[in-house]
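All remarks here apply to the structure that follows.
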Amino acid sequence: QVQLVESGGGLVQAGGSLRLSCAASGRTFRSYAMGWFRQAPGKEREFVAAISWSGVNTYYADFVKGRFTISRDNAKNTVYLQMNSLKPEDTAVYYCAASINYYSNYVPDYNYWGQGTQVTVSS
């Protein structure tokens, strides 16, 4: 069992930056691939970024490449999402998730989810 708690969301102007954190409980954090997803009002949850259990491999949605960076610190049981050059269309609730299988872009591959943190980007 893994419990995930996101933090770091907020209101930022377009072009600004935010750093999201996701703290995980349990000593098996390093066994899980981790992902970030987001969901805007009236839209389906979509993939943002993922990272392998070791942190060596990462995977990004095309719309965040070059702007967002996913990383993890297994000693701190935490995964991060650094978001730069934010746009109004990045406004959404951001969720972190843990997968025992693979660092994929597919929602059903993830076994555990956090409650989400709101990111709002004003124009």
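The values are calculated or read from the model by the stated rules, or taken from the named source; none is laboratory data. This structure is a prediction, so every number in the text was calculated from the model and none was measured. A quick note on method: Cβ atoms are made from the backbone with ideal geometry, for glycine too, and the neighbour counts reach across all protein chains shown. Accessible surface areas use protein heavy atoms only, side chains included; no ligands, DNA or RNA. Shrake-Rupley method; radii C 1.70, N 1.55, O 1.52, S 1.80 Å.
Annotations for the structure displayed:
- Just so you know, in segment 25-50 the residues that are basic (Lys, Arg) and over 16 Å from Val119 (Cα atoms) include one that is surrounded by the most Cβ atoms within 10 Å (Cβ to Cβ), and it is Arg30.
- Any pair with Cβ under 7 angstrom, 6 or more apart, that starts in segment 34-47 at a residue that is among the β-branched types (Val, Ile, Thr) and ends at one that is outside any strand (DSSP E or B): none
- Residues in segment 101-121 that are open to solvent by 30 Å² or more (accessible area, probe 1.4 Å) and in contact with a helix residue (DSSP H, G or I) (Cβ under 7 Å, 6 or more places away or on another chain) were compared, and the one that is farthest from Asp62 (Cα to Cα) is Asn101.
- Residue match in segment 10-24 (condition: free of Cβ contacts under 8 Å to residues at least 12 places away in the same chain and more than 16 Å from Gln118 (Cβ to Cβ)): no
- Of all the residues in segment 62-85, those that are open to solvent by less than 60 Å² (accessible area, probe 1.4 Å) and within 11 Å of Arg30 (Cα to Cα) number 6.
- Gln82 being more than 12 Å from the chain's Cα centre (by Cα) and over 21 Å from Val2 (Cβ atoms): no
- Residue match in segment 10-22 (condition: among the aliphatic types (A, V, I, L, M) and open to solvent by 80 Å² or more (accessible area, probe 1.4 Å)): yes
- Conditions (1) modelled with pLDDT under 95; (2) aromatic (Phe, Trp, Tyr); (3) in contact with a Cys (Cβ under 6 Å, 6 or more places away or on another chain); number of the one not met by Tyr102: (3)
- One residue from Val48, Val93, Val64, Val107 being farther than 22 Å from Gln1 by Cβ, among the β-branched types (Val, Ile, Thr) and modelled with pLDDT under 95: Val64
- Some residue of segment 7-18 being of a type in the set (Gly, Ala, Ser) and in contact with a Pro (Cβ under 8 Å, 6 or more places away or on another chain): yes
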